[in-house]
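A quick write-up on the structure given underneath.
Each value in this text was obtained by applying a stated rule to the coordinates, not by laboratory testing. These figures come from a predicted structure and were not determined experimentally. Methodologically, a virtual Cβ is constructed for each residue, glycine included, from the backbone with ideal geometry; neighbour enumeration extends over all protein chains shown.
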Amino acid sequence: MPKYTEQEQEVINVHNVFWEALANRDIDLRFSCCSENVTFIGTGLHEKAANKAEYRIMNEKGVNQFPEPFQIDFIWTNISMFHKQAVVTCEVIWKQSINGKISSELVRSTTLLNYEEDAWKIVHVHGSVPDYRLAEGEYMTTEKILLRNRELEQKVFERTQELGKSLAELKATQSQLIQSEKMASLGELTAGIAHEIQNPLNFVNNFSEVNVELVAELKLELEKGDIAEAIAIADDIAINEGKILQHGKRADSIVKGMLQHSRSSNGINEPTDINALADEYLRLSYHGLRAKDKSFNADFKTEFDASMPKINIIPQDIGRVLLNLINNAFYVVAERQKNLSGLEETYKPSVTIITKNLGDRIEISVMDNGNGIPEEIRNKIFQPFFTTKPTGEGTGLGLSLSYDIVKAHGGELKVESLSGEGTTFVITLPNLNIR
Amino acid sequence: MRILIVDDERDIQTLFEQRFRKEIKNNELVLAFAYSGEEALKYLDEKEQHAILILSDINMPGMSGLDLLSNIKQKYHRPPPLVMMITAYGDEENYNTAMKLGADDFLTKPLDFNQLKEKIKNIHHD
Ligand SMILES: Nc1ncnc2c1ncn2[C@@H]1O[C@H](COP(=O)(O)OP(=O)(O)OP(=O)(O)O)[C@@H](O)[C@H]1O
Ligand SMILES: [Mg+2]
């Protein structure tokens, strides 16, 4: 679409010829555009012309003073059409070489044209300097504006770079924090693991010692010729060997589980026994907290759906989610117990894990009977770094990481909480084997 | 002499029965087992004062060994059974709490059975 109507274009043409003629020092051409009654008001205090003759004299003086042609650049032009009348407003940059120096100036002009007989003629010109004022009485020249713009651009560029750097630093710090959160939860786990591993190792050692004694006794009985007793002892030795093997394997699988946890999220999807996973992390969490705080004690229960199918998940990732949720749950029930009022002496801290097979999906719920999550923070708990725990006790990353992990598994993490009754976090995971 | 052993690890039974094989065979000792604090209390309710010595783990889900200890010491007087506490973490805090609650002795895992046998013998001779 053309910028101007045909009529508008005619007006613009006259207007532009008028200004370019001045730049080219062509006074005759310039005044051929003007009406006989043209008037002029300029930027200077006494720059006024009441008629064409006065205006022309003014222009001729100027041309004599600065004979070099100008260069003019129109920055913008605006036109308003009335009946046989038009107003053109524009801003131009004048570039002029004075004594070998380029000086440029921003000028605004408002030009009134009338349609006289068969042509558009300029009847009034009003020049002014745009009010990009710095301080009272001081105006900015185009040079200064351009310079200022360049400075601003440079500043924007520097700021952008700084911001980019801060963003990169923030990201690095965040991933460091996430890493240290992983390490912290590994540390908590290690305490639990130490306890879990100590028991089977004790059995391995104890049963081995018993067997050494039993072999000596077995020899004695054989020397005595008491075959029946010898066989009884041999049976016990066999049972004990079975126990040694069983507890050795138990320790083995705990260590393997620990390695899996530390290998973190480069894990792969594998069909996983959800009940066994939940049970494992419940015990690890419990013993981890016990190792940290000897006075800690809470009841924990499981209500596992026996029909739970194997679900395709990254077990150590969902394990981390469970660990976070269970740690949070044990924390709140322990807190509630510490701050019991006299009325609640019968309070029993308790954490329950419930699994449900719902066909195309499964549910794992971590339920506690703590004080619940206050209404006003319920929409904040999944935000990274949100924590109500004292400094050093919580990073506030537990739930946000958990949320991300569950989302990455195509599942959902939801919370239900009743003030004074407790909180239940529900993980829902799709069972992709059923379609 | 009857000893009640309280631990959530079931294989404790096999281990004790083997370790005290001769004593059991010679009718010097009778061993009873409970797998939680709650179960132990139930056992004591039913056969009050039958057990002379109670050996209890501290670290158990549900009622902890320390809860069991304070329960026993408050409930069973004249003469209360001896209670020895066993824990995986041989730390001051548990030791002090157990002593405050009236524990008669304190053992750490892994159990030294020879030491335990000595202690049991001494109870016999008192
Ligand atoms: N079971 C719960 N009952 C009541 N409030 C909870 C429960 N779980 C989480 N919250 C609230 O949500 C906040 C955020 O939990 P989140 O697990 O993200 O971080 P955190 O536990 O504070 O710290 P971190 O897990 O990093 O150690 C907690 O500080 C607590 O206020
Ligand atoms: Mg947490």
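Observations
- Structural descriptor for segment B:1-105: relative contact order 28 percent, calculated from alpha carbon pairs under 8 angstrom and at least 6 residues apart.
- Sites counted here are GluC sites (Glu not before Pro) in a DSSP loop (not H, G, I, E or B) having no more than 14 other Cβ atoms within 10 Å; the longest part of chain B that contains none of them is B:49-126.
- Nitroxide proxy distance, nm - points 7 Å out along Cα→Cβ at A:Asn24 and A:Leu220: 13.0 nm
- With respect to chain A, whose longest principal axis is taken over its alpha-carbon atoms, helix A:142-224 is tilted by about 0°.
- Cα gyration tensor shape of segment A:6-140, rounded if a/c is under 1.5, else prolate or oblate by comparing a/b with b/c: prolate
- Model label points for A:Asp73 and A:Thr160, set 7 angstrom from Cα along the Cα-to-Cβ axis, are 2.1 nm apart.
- Of the two radii for segment A:265-430, the radius of gyration is 0.96 times the Kirkwood radius, both from the alpha carbons; that is the Rg over Rh value.
- Sorted from greatest to least, the principal axis extents spanned by the alpha carbons of chain A come out as 149, 51, 49 Å.
- Flagged links, alpha-carbon separation over 26 Å, of A:Lys356/B:Lys42; A:Lys249/A:Lys310; A:Lys48/A:Lys144: A:Lys356/B:Lys42; A:Lys48/A:Lys144
- Inter-label distance, A:Phe385 to B:Asp105: 5.6 nm, where each label sits 7 Å from its Cα along the C-beta direction.
- Fully extending the segment from A:Ala172 to A:Arg378 would add 71.3 nm, taking 0.36 nm per residue of separation and subtracting the current Cα-Cα distance.
- Degrees, to the nearest 10: A:6-23 long Cα axis against longest axis of chain A: 70 degrees
- Calculated on C-alpha atoms, the gyration radius of segment B:16-61 divided by its Kirkwood radius gives an Rg/Rh of 1.01.
- Theoretical FRET efficiency, 1/(1+(r/R0)^6), r = Cβ-Cβ of A:Ser341 and A:Glu393, R0 22 Å, to 0.05: 0.45
- Range in chain A, longest, excluding exposed GluC sites (Glu not before Pro) [loop by DSSP; at most 10 other beta-carbon atoms within 10 Å]: A:137-344
- Residue-averaged [θ]222 nm for the protein assembly as shown, counting only DSSP H segments that reach four residues, each worth -39500 (n - 2.57): -16500 deg cm²/dmol
- Cα gyration tensor shape for chain B, rounded if a/c is under 1.5, else prolate or oblate: rounded
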